[in-house]
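K.L.:
Before I ask anything, here is the structure I am working with.
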């Protein structure tokens, strides 16, 4: 499965894009990222108590925000692409 | 005075007279300032049917009550005239340092009337205000003019001026301030050029006072802290600028590609994004007056065929020259954008017009002999060459200088101009972000992203998170965003403060500056009044109805998350007119006029 | 120990908030022409720098004043006693850094007085270009270099 990092996430992962084994769902993916990249990524991905995905993290599965899919339980598949952004804006 | 300095300059360019008149304080109360107040003066004084490039059009510079104070990003002002591009009310907001300096000189605004026979500029040093000969400046670029005027008047002067395209009637030429900040859209530079007014040079040493200094200090301190603590307004825009949007809009399948012909996903987008800009060409970031957001990019392309330096690009400019032209060379995009500032043209319309020309060329509608070379999507040299041609107003540049609508019409395909009311749509596909489709169609100055930026809730999740595919509820949300934006543009602070602040913090600063006890809702209502006044002008001017290019209404997106979608405009438009209190043709009802206190 | 200003031009974003807050603190108005701090822009060099009185230990202004109107206060600020000052402007000429100004509008000379110990320019500077720090604490530039060494040579786990 394809995983893409953007903006400040790239400073932590030092990687723009990688292929990873398919996790069961979004929550499992993010938890594994927390283990791989440590506290630096956990503070961005999760709420302080670790129980929820942070409001400041934007997670897209195939271009759709998981908020409009099944949230943290959004299932993942080999053909999916997940994109992870911090809260960004501009215009 | 409370946040105002109390005087408007009225300059008759034909009679060569300058009159100082008191600010209309009732209108300033009702229409806030800047965009609202400038529009109010304009509507009271100018026939909506006026030919935009005739002497009968007026050009108004107007500051807001918070301009020149330490309110969050409180350095903005508005330029107002009837737009020659769209035929609508033209109002363009600019940052930089010019607006505050005008107030320190003692003037809340300037109204330019009629036209001069020979080039002039307006010199303002505190009490001394005079029209001076600008023959030596005519034909000079924005950068040359700014440097020459600083030499002539003094280095502490702030300069607002136009470039060569504006002198020659380019319909998307802007009014440039401090070289790199623009009242950019709608071709207001051409109005200035038609009046033979090359520049305004101002230096002021006076003060701006506020009604309740201690409470104002509390309000601005609170607002500054809140803004600084926000991930976007505090640190995000400073680090990566507005170009950071390229990737998220692209990944969301909403980045219009090759004149919107090839859907809304550009595979090479990452090469043109904010991350790449920061890595390759960013020297430092910069702020406008009183700003803590500091989104501006000071950039340098150190070598290669596009070696250059300047400021930007911003997201929409980066898109117009990038994905919209199919160009992935960031150095070329930077250089083309620098040229827009140097020559005083709107990079959104410039890039989008080149994109339109590329499609017309590729389908065989424009002969190569008209352009001078084969104009294909993806050619980085073409975007630079054609921007230079418009900048110097020569060759094919003279045709491009009229914008994409007139270009596409000339070559028999007006439907391929990706514009609304003849102004080019910016960098968000309304098929993938439904609220933006409604926003483009209903914007009072033609297609525009800063008149009700629903991308923020629909994609970025600020301040709330809504689904971009859903049409339900977008009308009400858009009305709120349009009214709030009209309010903010009228106060003299930057719209970007909403990436951290809400109505509460903005209204608090306004209240203490002008000394009012109006509630947040009463203050927001002023934004609605401004929006309705603009609409009334457009109706009287005979502006075409609210719609979108057929491509958005009929051509389904070919791929990406929004594959198969079109813009569901008419589902939302009826609801929009209802929530606005307008009739089914989009005309404000008598009840609405009474509620807002508008004589119609 | 008195605190001192540290200026970091590389962080300055030219927003002029320092000028606004300095003038507001002293006059209750926003009037940059009466600010004791001024931001200078160098366009070609793509940089800018806020300049203000650094409160010289050997203050020329203090020495040159013929009526002893200039003294050092408890916070280490070199201050002008408006009642004693005869506005001869000798201090304006004497300051080798140009950090004392004469205002034609108020007919007074003025300079930075550290706002009584908590300078508003530093407090409101949004980018950290103006800092007001205790000089006995480890200076951040040294610390930044040390952190760079740590990043390059350190073995610390990222978590």
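The values are calculated or read from the model by the stated rules, or taken from the named source; none is laboratory data. Computed from a predicted model, the values in this text were never measured in an experiment. Backbone-built Cβ (ideal geometry, glycine too); neighbour counts: all protein chains shown.
K.L.:
Mind checking which residues of the stretch B:489-504 are assigned to a loop (DSSP other than H, G, I, E, B) and surrounded by 24 or more Cβ atoms within 10 Å (Cβ to Cβ)?
P.N.:
B:492, B:493, B:494, B:499, B:500, B:501
K.L.:
Still on this structure, I have one more. Restricting to the stretch B:257-289, name every residue that is within 30 Å of residue C:15 (Cβ to Cβ) and away from chain C (no Cβ under 14 Å).
P.N.:
If the condition is that a residue be within 30 Å of residue C:15 (Cβ to Cβ) and away from chain C (no Cβ under 14 Å), then B:272, B:273, B:274, B:275, B:276, B:277, B:278, B:279, B:280 are the ones that fit.
K.L.:
Filter the stretch B:228-242 down to the residues that are farther than 14 Å from residue B:286 by Cα and more than 7 Å from every other protein chain (Cβ to nearest Cβ), then identify the one that is surrounded by the fewest Cβ atoms within 10 Å (Cβ to Cβ).
P.N.:
B:229
K.L.:
Mind counting the residues in the stretch B:57-82 that are in contact with a helix residue (DSSP H, G or I) (Cβ under 7 Å, 6 or more places away or on another chain) and either closer than 13 Å to residue B:497 by Cβ or assigned to a loop (DSSP other than H, G, I, E, B) (or both)?
P.N.:
Result for the stretch B:57-82: 14.
K.L.:
Just to verify a result, which residue in the stretch A:57-75, among those that are surrounded by 19 or more Cβ atoms within 10 Å (Cβ to Cβ) and in a loop (DSSP other than H, G, I, E, B), is farthest from the other protein chains (Cβ to nearest Cβ)?
P.N.:
A:74
K.L.:
Next question, about the same structure. May I ask you to list the residues in the stretch B:435-463 that are in a loop (DSSP other than H, G, I, E, B), within 17 Å of residue B:421 (Cα to Cα) and either free of Cβ contacts under 8 Å to residues at least 12 places away in the same chain or within 13 Å of another protein chain (Cβ to nearest Cβ) (or both)?
P.N.:
Within the stretch B:435-463, B:448, B:449, B:450, B:451, B:452 meet the criteria.
K.L.:
Taking residue B:328 and the conditions (1) more than 21 Å from the chain's Cα centre (by Cα); (2) within 13 Å of another protein chain (Cβ to nearest Cβ); (3) surrounded by fewer than 24 Cβ atoms within 10 Å (Cβ to Cβ), which numbered condition does it fall short on, given that it satisfies the others?
P.N.:
Here residue B:328 meets the rest and fails (2).
K.L.:
Scanning the stretch A:30-56 for residues that are loosely packed, with under 15 Cβ neighbours inside 10 Å and in contact with a strand residue (DSSP E or B) (Cβ under 9 Å, 6 or more places away or on another chain), which turns out nearest to residue A:75 (Cα to Cα)?
P.N.:
Restricting to residues being loosely packed, with under 15 Cβ neighbours inside 10 Å and in contact with a strand residue (DSSP E or B) (Cβ under 9 Å, 6 or more places away or on another chain), the top hit is A:52.
K.L.:
Out of the residues in the stretch B:364-390 that are under 17 Å from residue B:413 (Cβ atoms) and in contact (Cβ under 8 Å) with a residue 40 or more places away in the chain, state the one that is surrounded by the most Cβ atoms within 10 Å (Cβ to Cβ).
P.N.:
Within the stretch B:364-390, the match that is surrounded by the most Cβ atoms within 10 Å (Cβ to Cβ) is B:366.
K.L.:
Further question on the same structure: Specify which of the listed residues (B:486, B:507) is within 16 Å of the chain's Cα centre (by Cα) and either surrounded by 24 or more Cβ atoms within 10 Å (Cβ to Cβ) or under 29 Å from residue B:99 (Cβ atoms) (or both).
P.N.:
Residue meeting the stated conditions: B:486.
K.L.:
Also, quick follow-up: Check every one of the helices (runs of 4 or more DSSP H) wholly within the stretch B:542-600 and list those with 3 or more residues that are more than 14 Å from chain A (Cβ to nearest Cβ) and within 27 Å of the chain's Cα centre (by Cα).
P.N.:
B:550-554, B:569-580
K.L.:
Here's another thing I want to ask about it. Of all residues being part of a strand (DSSP E or B) and away from chain B (no Cβ under 12 Å) in the stretch C:32-57, which is surrounded by the fewest Cβ atoms within 10 Å (Cβ to Cβ)? Just the residue, please.
P.N.:
C:51
K.L.:
I need the full set of residues from the stretch C:15-31 which are buried (at least 24 other Cβ atoms within 10 Å of the Cβ) and either within 7 Å of another protein chain (Cβ to nearest Cβ) or more than 13 Å from residue C:121 (Cβ to Cβ) (or both), in order please.
P.N.:
Those that are buried (at least 24 other Cβ atoms within 10 Å of the Cβ) and either within 7 Å of another protein chain (Cβ to nearest Cβ) or more than 13 Å from residue C:121 (Cβ to Cβ) (or both): C:15, C:16, C:17, C:20, C:21, C:24, C:30, C:31.
K.L.:
Still on this model: Suppose we keep only residues that are free of Cβ contacts under 8 Å to residues at least 12 places away in the same chain and facing another protein chain (nearest Cβ under 8 Å) within the stretch B:200-220. Which one would you say is surrounded by the most Cβ atoms within 10 Å (Cβ to Cβ)?
P.N.:
Per the stated criteria, the residue is B:217.
K.L.:
Using the structure shown, decide if residue A:17 is within 14 Å of chain C (Cβ to nearest Cβ) and surrounded by fewer than 18 Cβ atoms within 10 Å (Cβ to Cβ).
P.N.:
Judged against the criteria, residue A:17 is not a match.
K.L.:
Among the residues of the stretch B:556-592, write down those that are touching a residue at least 60 places away in the same chain (Cβ under 8 Å), surrounded by fewer than 16 Cβ atoms within 10 Å (Cβ to Cβ) and more than 18 Å from residue B:473 (Cα to Cα).
P.N.:
Hits for the stretch B:556-592 are B:556, B:558, B:559.
K.L.:
Scan the stretch B:290-300 and give yes if some residue there is surrounded by fewer than 24 Cβ atoms within 10 Å (Cβ to Cβ) and either more than 7 Å from every other protein chain (Cβ to nearest Cβ) or in contact (Cβ under 8 Å) with a residue 60 or more places away in the chain (or both), otherwise no.
P.N.:
yes
K.L.:
Something else now. Is it true that residue B:314 is within 24 Å of the chain's Cα centre (by Cα) and modelled with pLDDT of 95 or more?
P.N.:
yes
K.L.:
Now for a different question. So which residues in the stretch B:293-318 are under 23 Å from residue B:248 (Cβ atoms) and in a loop (DSSP other than H, G, I, E, B), if there are any at all?
P.N.:
Listed by number, the residues that qualify are B:293, B:294, B:295, B:312, B:313, B:314.
K.L.:
Identify the residue in the stretch C:96-119 that is closer than 24 Å to residue B:74 by Cβ and surrounded by 22 or more Cβ atoms within 10 Å (Cβ to Cβ) and, among all such residues, is farthest from the other protein chains (Cβ to nearest Cβ).
P.N.:
The selected residue is C:112.
K.L.:
Check whether at least one residue in the stretch B:32-46 is in contact with a helix residue (DSSP H, G or I) (Cβ under 9 Å, 6 or more places away or on another chain), more than 17 Å from residue B:110 (Cβ to Cβ), away from every other protein chain (no Cβ under 14 Å) and surrounded by 24 or more Cβ atoms within 10 Å (Cβ to Cβ), and report yes or no.
P.N.:
yes
K.L.:
Determine if the stretch B:196-219 includes at least one residue that is under 22 Å from residue B:450 (Cβ atoms) and at pLDDT 95 or above.
P.N.:
Looking for residues that are under 22 Å from residue B:450 (Cβ atoms) and at pLDDT 95 or above, one finds none in the stretch B:196-219, hence no.
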